[in-house]
Structure formats: structure tokens, C-alpha cells
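Chemist: First the structure, then my questions, so here it is.
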Amino acid sequence: MIEVIKPGLSTTVQDLGRVGYYDVGIPPSGALDQFSLTAANLLVGNDEGAAGLELAYLGPELRFGERAVVAVAGAELIPRLDGEERPLWEAFEVASGSVLSFAHLRGGARAYLAVAGGIDVPPVLGSRSTYALGSLGGFSGRPLAAGDELPVGPASAAAAPRAVPAELRPAFGNELEIRVVMGLYDHLLTDDTFLTSTWTLTPTADRVGFRYKGPKLGMLEREQPFGAGSDPSNIVDAPYPIGSIQVPGGVEPIILHRDAVSGGGYAMIATVISADMDTVAQSAPGAKTRFVAVDLDGALAARADRNRRLQALRDALA
Amino acid sequence: MSRYSWGADEHLFVEVAEEMSLQANFKVMAIATGLRERRPDGLLDVCPANASFQVRFDPDRLAPRALEELVRGVEKEVGDAHGFSLETRVVEVPVLYDDPWTNETLMKFRDRHQEPSLTDLEYAAQINGFGSKEEFIAAHHGAPWFASMVGFVAGLPFLYQMVPRARQLEVPKYVRPRTDTPALTVGHGGCFGCIYSVRGAGGYQMFGITPLEIYEPGRGEVFFKAGDIVRFAPITRAEYDELRSSPRPLRSADVTFSLVDFEADSDAYNARLLEVLG
């Protein structure tokens, strides 16, 4: 059992997400940075799909009721065990009664804590991931609060001390390029401001979406189709792809992430490629971002690269 | 012809029509049904929406172009879906119109509304040419609604009233969205009605509230499916309180919906459809 002393800013139980319910408005959820959760799980000898904790911006303070093997991967949120720093991207042991806390964030946005055995909350619709908008899954369907007691599952085997090789650890910068496939309703744009501008991530950057500041986009003035709203950025409510970018009113593009609202009436103009969703997850407010257009084949090639990187991670930690 | 577009490497987006119509939604439903019957390996979700749909897929298992070919094939088979009939159900949703909870909430957000001096119902009645909110309410529950899409958040049905376009109720969304909406609010934005499945932000006008739950987060159970037909049944405050204190499942009955028969005489067809509820 792990007791939550301080919850951090927004700490949630996440695994790799739930599949097959987006058609009734239940999004995949799961770790926003899937690579880092996978790394943390493999470090402690878990299956890749075990549930861990996603720590956003400011880490929690946790007391361990039993001895455990843990690992933290992702954002540079350095763990402190009873006050002493421990490395990121490496498994380490926690004694019964010890307190795990975190230093201030030094890079990235979200770190992942895996515990050997996994966080053993009951699965809902095949996943332990938290979907807070729908109060579903995770720990009572919400971010952690002080006093929560998290169950830990049985560890499969004594985990050997392991570390993720340096070349497989992502670097987090404050200037980013995010690759997108243009499409969906991009024919409603009247200029190429979206691709030529540098965008700044606002503090509105959570599991649902990431909102950016920058210039206003030109949008086609037209007679609106029946059932669409009156603004040029409105469409008849449509399904939203995960990673799709909408621009309500032509200002402040929003990238939907894994807790996305599943549909609505704002024109989407592009979609972030699957390989770059982890990068979006690790952007912190203030990040300078450029969107770079690739075609479907470019997106598939990037996906294949990412799959190779995941395989290299598995091989390194096998 | 529908418009196909990639939502990067994991989504195929298809817009059947730019504007809303029951015909467009019906075609969406027919294609979604066809795709679910085939369900190739790597197809994760088929998400029907009002006049469009998307397919989520795993491109490591299902090549995007093979998927596109499959969807185009199903679309061709479906054609305009005119002869398609849908095995679905009619659901009765009790509504306390003009209730104290949505009224209290809307008063908190008058500064975000088009007409701060009117309530949402008064405003909707006025811009749709009704003499009173009572007349508007009568039109609201006077014909059934088709669940053209489920989503936004878990289990929220978008509803399109089964009347000719000239009789569609149209009300713009709030100028700026509210930060709060009571759970189970019966709302309306553009030409769409909805039932808010959870408490939260929202921009639709608020007309009433239903006492019966439509989403159970503990087990992730969602009541509504796209294609459901909804009949709103007005209830009194006493009936509302009774249903809150002793809830029962929503009443529903299976029906076959035929677009051809509906189009021949919508009012008469609707009346026949609703008979199954007794």
C-alpha cells in the first residue's frame, strides 16, 4: 500500500489506456507520454501495460507501507527518497515506511512512477487509467488526494537493478517541432499562418488538451451549413481524432490529447502524428512550438522509427 | 460523395455531408453498422457522428489504405442508405422542464448569454417564434428525437428532432461557455438537443432536467447508443422527486426504424413508433 501524503498538482493512475469506447465518448486516456510509462514499467520488471502514476509538473509525497522497487521516467522531476536524491530512468528500492518526494521540475512536464507489481486499482472497461471528466477508472475516477491509499499488486520477480541507456532517454527542450498531418477541415483556412508561426503553449495544458497562443488564423467566411454554428470556425458537430487540432474562433489552437472530448462543433485543421504525442505530453507552458506538415507516409515512417525505439528499450531492459 | 481525410496515422475521418440532416445521419449509421459487422483486425473504434464519422485504427495491424478501401466499399454498398432500416429502440426520458437547478445555474451565467434579461427557455421560445415558453416546451416534447451521436463526454447523446427542417428548433450556444452545468440537464445548441451525462462545463441552452441516470462511471456503463430514438415525457416536480428517491431503469422498447416510411409522413410515422411504449 502507498499512502498519499501530498497529492502533487495532478497525479493520476494511468496505464496504456482503454480501447474501444471512444464511440460512446469514453476516450483512450492512459499515460500522455506512453514511452516514459513503458520505460518505468520495464525498469521494475512489470508488464508494459501495468498501471503507474502520472505526475504532472509538481510531484506528490508518498509513504510506502511495504518495501518496493520503483522507477521514475519522463520529465526531469528528480525523486527524493527520505530526502535523498535518486536517479531518473533507473530502478531503485524503497524500504517499508520510506517517503518518496520530488524536486522541482527541471525539464519536460510529466514524469511516470512505476512500482513493481503495478498500482492495483480495479480495471474499468479493461483499463486502470483515470478519465477524470467521466469520473471513471483510476483511483475513484479522479486525481489523487491526500490520505488516499493505493493498493500495489504482487511483483512478478525480484527486479534486477536496471537503467535506461542514455541514448534512449528523450531530451526535453523549450523549442519544439511537432509534426502534423494537415486535413479534416483545413480547407476552411484562408492562409498558412498555422504552419508559418511560432506558437507558445499556454498554462491551459492538461490531459484533455493543449492550448497555444499566437496570431489569429484566417478562416473562410461562408454561408454556414445547416446545423453548424454561426462562427466560421463552426462545423456540424463531428468526431475529434486524438491529436486533432481545433481553432475555436480562429484563435488559440488546441491539441486534444488522450482524455479528449470525443466530438464537437469546432473545425479541426490538422492532427499530430502518433509518434509526436509523447513530445506534446512533455511540453510545458511557455514552450515555443512550430507545427511541421508531413503526409500520411511521413507519419507512418515516424511511427516505424518510434516502434524501433520502443523495441530497443525492450531489448535494453530484457 | 463523402469526403475522406486522415486524422494522422490512427484515424480515418469521413464527412458524409456538410449540413445536418436525418438522411446524412442515417447514411453514417448504415456505414458504421457495415464496418462493425466486418471489424477487421486493427480496427479499434467506429465513431458515428451527426453527418460524419471516424474510424480509429492501429496502422501496425491494419494498413491505412486497406482500411480506406474497405470503408469506401462499405459506403458504395450502402449508397444513399435510403432503403436501410435500423434495429433500434425507443426510450422514454422523463423531463422536469423549467426546473429549479438549471434555473439557478443559468442565473449565475447571465453575463455569458445572448439575452441576459431572459431565461434560456424564454430566449429559445422568442427566437423560434413561440408566444410563450410553454408553447416551446410543447414543441420540444411534441416529436421524438434521434440520437445522432454519443460523445463529447462519456455517454452524452446528441439528439436531432424527427421533424421537417422548417420545424427544427434552433438556438445558438451561449456566447461564452458556462463553467458548470448540472448533471442530467436537457440542453440545446444549434439544431441539437442533448442530455448532459455528467456535471461540467457546457455551452448549450438549458431547458430542464431528467431524474434518471444515463451514465454509471463505476462500471463505465453508458445508456445511450447512436440510433436510439428518444421521447421526452414532461413530469411534475412531485414525479421528479419520486423518481429521484426511487429510481427505475429508463423505459424502452425495440423498434425497426425505416427512413423511407418516416419520410412519407413523419408525424404519422412517429406516432406509430411511439406506440410501442404503451
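Chemist: List the number of the failed condition for A:Asp191; all other conditions in (1) assigned by TED's automatic domain parsing to the domain that holds A:Ile273; (2) not in a loop (DSSP other than H, G, I, E, B) hold.
Modeler: Here A:Asp191 meets the rest and fails (2).
Chemist: Same structure again: Step by step: first the residues of region B:174-193, then only those that are touching a Phe, Trp or Tyr at 6+ places or on another chain (Cβ under 6 Å) and touching a residue at least 40 places away in the same chain (Cβ under 8 Å), then the one that is farthest from A:Pro232 (Cα to Cα). Which residue is that?
Modeler: B:Pro182
Chemist: Only one of these is under 30 Å from B:Arg3 (Cα atoms) and not hydroxyl-bearing (Ser, Thr, Tyr): B:Val55, B:Val93. Name it.
Modeler: Answer to the selection: B:Val55.
Chemist: Can you pull out every residue in region B:17-42 that is buried (at least 20 other Cβ atoms within 10 Å of the Cβ) and more than 23 Å from B:Thr256 (Cβ to Cβ)?
Modeler: B:Ala17, B:Met20
Chemist: Tell me whether region B:234-253 contains one or more residues that are within 20 Å of B:Pro48 (Cβ to Cβ), surrounded by 13 or more Cβ atoms within 10 Å (Cβ to Cβ) and either touching a residue at least 40 places away in the same chain (Cβ under 8 Å) or of a type outside the set (Ser, Thr, Tyr) (or both).
Modeler: Checking region B:234-253: at least one residue is within 20 Å of B:Pro48 (Cβ to Cβ), surrounded by 13 or more Cβ atoms within 10 Å (Cβ to Cβ) and either touching a residue at least 40 places away in the same chain (Cβ under 8 Å) or of a type outside the set (Ser, Thr, Tyr) (or both).
Chemist: Would you mind telling me which numbered condition in (1) more than 29 Å from B:Ala268 (Cβ to Cβ); (2) outside any strand (DSSP E or B); (3) without any contact (Cβ under 8 Å) to a residue 24 or more places away in the chain B:Gly200 fails?
Modeler: So B:Gly200 meets the others, but not (3).
Chemist: For region B:193-205, name all the residues that are over 15 Å from A:Val261 (Cβ atoms) and hydrophobic (A, V, I, L, M, F, W, C).
Modeler: B:Ile195
Chemist: Take the conditions in contact with a helix residue (DSSP H, G or I) (Cβ under 9 Å, 6 or more places away or on another chain) and closer than 23 Å to B:Leu274 by Cβ and apply them to B:Ala154. Does it pass?
Modeler: So B:Ala154 fails the test.
Chemist: Oh, and also: Tell me the residue from A:Ala205, A:Ala228, A:Ala238 that is at pLDDT below 95, buried (at least 22 other Cβ atoms within 10 Å of the Cβ) and closer than 30 Å to B:Pro157 by Cα, please.
Modeler: Answer to the check: A:Ala228.
Chemist: Still on this structure: Can you pull out every residue in region A:236-266 that is outside any strand (DSSP E or B), under 20 Å from A:Leu195 (Cα atoms) and within 11 Å of another protein chain (Cβ to nearest Cβ)?
Modeler: Within region A:236-266, A:Pro241, A:Ile242, A:Gly243, A:Pro248, A:Gly249 meet the criteria.
Chemist: Give the number of residues within region A:4-34 that are more than 8 Å from every other protein chain (Cβ to nearest Cβ) and in a loop (DSSP other than H, G, I, E, B).
Modeler: So the count comes out to 14.
Chemist: Answer with yes or no whether B:Phe192 is within 24 Å of A:Arg128 (Cα to Cα) and facing chain A (nearest Cβ under 10 Å).
Modeler: In short, no.
Chemist: Looking only at region A:54-84, which residues are closer than 12 Å to A:Val94 by Cβ and in a strand (DSSP E or B)?
Modeler: A:Leu62, A:Arg63, A:Phe64, A:Ala68, A:Val69, A:Val70, A:Ala71, A:Val72, A:Pro79, A:Arg80, A:Leu81, A:Glu84, listed by residue number.
Per-residue answers, yes or no, for (1) aromatic (Phe, Trp, Tyr); (2) in a loop (DSSP other than H, G, I, E, B); (3) more than 21 Å from A:Gly17 (Cβ to Cβ):
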position	(1), (2), (3)
A:Val121	no, yes, no
A:Ser129	no, yes, no
A:His187	no, no, yes
A:Pro203	no, no, yes
A:Tyr212	yes, no, yes
A:Pro215	no, yes, yes
A:Arg222	no, yes, yes
A:Ala228	no, yes, yes
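Chemist: Moving on. Please work out which residue is nearest to A:Pro225 (Cα to Cα), limiting yourself to region B:161-173 and to residues that are touching a residue at least 40 places away in the same chain (Cβ under 8 Å), touching a strand residue (DSSP E or B) at 6+ places or on another chain (Cβ under 9 Å) and more than 8 Å from every other protein chain (Cβ to nearest Cβ).
Modeler: Among them, the one singled out is B:Glu170.
The values are calculated or read from the model by the stated rules, or taken from the named source; none is laboratory data. Source: prediction; values computed, not measured. Note that each Cβ is placed from the backbone with ideal geometry, even for glycine, and that neighbours are counted across all protein chains shown.
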